[in-house]
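Enquirer: Dropping the structure in here first, questions after.
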Amino acid sequence: MDRRSFLIGAGAAGTLALGTAAGYWRWQEITPHIYTPGQAEGHFLRDRKSLPAPSEEINTDVVILGSGIAGLTAAWKLNKEGHRNFVVIDGPQAYGNAAGGRFGDLAYPTGAHYLPLPSMESVHVRELLHDLGIIQKNPMARRPYYDERCILHAPEDRLLYKGRWQEGIIPREGVQRWEIEQQDRFFKEVERIRSLRGSDGKRLFAIPLVLSSADPAWRALDRLSFEEWLAQQGYNAPTLLWHINYCCRDDYGAEFDQVSAWAGLHYFCSRGGEAENAHASAWLTWPGGLDVIASGMNKAAGNHRRTGTAMSLRKTANGVEALCLELNANGVRSFTVKARRAICAMPLFVAARIITDMSGFGFDAKRDLPPYAPWMVANFLVKELPGERPQAPLSWDNVVYQGKGLGYVVSTHQDIRVTPPRETVFTAYIALTGQSPTEARRWLVAAAPDELLDLAASDLTAAYGIQFGRYVQRADITLRGHAMAIPHIGFLSTKGMQALRDADGPLLFAHADLSGLSVFEEAAWWGYQAALKVLRG
Ligand SMILES: Cc1cc2nc3c(=O)[nH]c(=O)nc-3n(C[C@H](O)[C@H](O)[C@H](O)COP(=O)(O)OP(=O)(O)OC[C@H]3O[C@@H](n4cnc5c(N)ncnc54)[C@H](O)[C@@H]3O)c2cc1C
């Protein structure tokens, strides 16, 4: 059978044969659409291909290089404070890891998809969410009032364990008593640590991370892996260890033996935002994931974005000069941007390539760059909801115990219409752990489309069987080879990082990489700090 793009017309849907064989053959017919943001631009950078002579010169006060959450936060804050002489250069992907897409009316994320309720320390996020209308009342109070439409609706999540769905993502039903007791002990300990303060009076684990206590006794945890710490504490219940490892894969793109114990505890102990109109561990989400927030930020920033990717960035007598590449259907062009200051809101591995004197900041790329986790995000347009096992209904997040992926979210979950739409998008997340990031990236580059599809769909086929294929109208897979920095063992003492955080000259830095772990609040924090530096003059 020829492999061809698989688009089932509405009329054909009713004639589909049901059953496993049909499902199998449908899989054979699906040709996924593969997207690799940054690949084309990356080739220019890596191979140092020569660019055509610049055909345009842009002069501005501030150039923001990158339109991810960090770059957009800087842009929003500058615009809000009346500093409007700036340009945002998108880089290879507008909105970066917060980007999304659409199948007609159906929006879906191709990266980040939720936001926890911001902590008390995350005043920058509270201010932003208030400006965007997501916090409707009392943004700085312990319990702000949120737009109900953004608060994750029930049923929130479920886990497929021993062939049965159960609520939540830690196995409880069918688990031996000693394991349950150990799970409870762990979560009680998390609660205890969450309320502790270090010798400097600060909370041990805060978001943003830089506001955490510097108490050396706790910082010492950065010298061991989270797995080692758990073993030291006597945690050995397989279900608990699976859950904790899942959380590390889900938030950090790495297994717990690769993650700093400090970062592991940060995941569990740093959050704690509350809402007047939601329960304490509620999440904020949108059908298109954080793309919705990013678009709102872009609008609130006065829409100063334009396409282009910086290929080089250097200091000049009057400020900075960036040489940018623009790739589009008409071919390749280049342009220069001259500015008084640049906010480098691209990942640090890119900054280290394009900035001519990165070592002048005391940043040694070989020594200081983090390992980057490769990810796949797959969006499956389904023509109708597949049949479910009876125990727990389809939830926003659906996870398979010991699954290869991190589960799948349902894009229409927040749909407040009484009748759920017939079509929806299942977004499956896969962090390529279990091998080194370099090996995983090699695999991503070499893998055939059907191999990528098999991995992308593995949790869905575990949940619905091979016949899931007959529901799929289209599959789009986004490959993010350097998706996020892994908070590896020792990441807190990365030598050159502090200099980049503190930089206050013509070049400023703003990206989640400065924190060493990739979450919205951290990215936004660095964008906010860069904007404050510009505003100070
Ligand atoms: C699959 C996935 C799911 C995630 N889910 C969540 C989630 O649900 N919640 C959450 O809080 N976090 C999540 N994250 C973490 C997410 O990375 C952060 O929340 C945040 O979006 C990072 O923003 P950033 O601005 O630091 O970086 P990025 O998103 O990496 O943005 C970098 C920007 O720089 C640009 N750029 C790159 N090179 C150049 C260049 N040479 N010149 C100019 N610009 C350039 C890019 O185009 C991009 O616009 C997820 C991450 C991934 C990979």
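Enquirer: Do we have residue 113 as closer than 14 Å to residue 69 by Cβ and more than 12 Å from the ligand (Cβ to nearest atom) here?
Expert: No.
Enquirer: Right, next: Would a scan of the stretch 486-506 turn up a residue that is within 14 Å of residue 252 (Cα to Cα), buried (at least 24 other Cβ atoms within 10 Å of the Cβ) and within 16 Å of the ligand (Cβ to nearest atom)?
Expert: Looking for residues that are within 14 Å of residue 252 (Cα to Cα), buried (at least 24 other Cβ atoms within 10 Å of the Cβ) and within 16 Å of the ligand (Cβ to nearest atom), one finds at least one in the stretch 486-506, hence yes.
Enquirer: Considering only residues of the stretch 305-361 that are in a strand (DSSP E or B) and without any contact (Cβ under 8 Å) to a residue 24 or more places away in the chain, which is nearest to the ligand (Cβ to nearest atom)?
Expert: 326
Enquirer: Another question, if that's okay. For residue 416, state whether it is of a type in the set (A, V, I, L, M, F, W, C), in the same structural domain as residue 72 (by TED's automatic domain parsing) and touching a residue at least 60 places away in the same chain (Cβ under 8 Å).
Expert: In short, no.
Enquirer: Which of the residues that make up the stretch 488-511 are touching a Phe, Trp or Tyr at 6+ places or on another chain (Cβ under 8 Å) and within 13 Å of residue 74 (Cα to Cα)?
Expert: 509, 510, 511
Enquirer: Turning to a different aspect of this structure: Any idea which of 499, 531, 523 is assigned to a helix (DSSP H, G or I), closer than 20 Å to residue 206 by Cβ and of a type in the set (A, V, I, L, M)?
Expert: None of the others qualify; the one that does is 523.
The values are calculated or read from the model by the stated rules, or taken from the named source; none is laboratory data. Remember, predicted model here, so these are calculated numbers, not experimental data. So basically every Cβ, Gly included, is an ideal-geometry build from the backbone, and we count neighbours across all protein chains shown.
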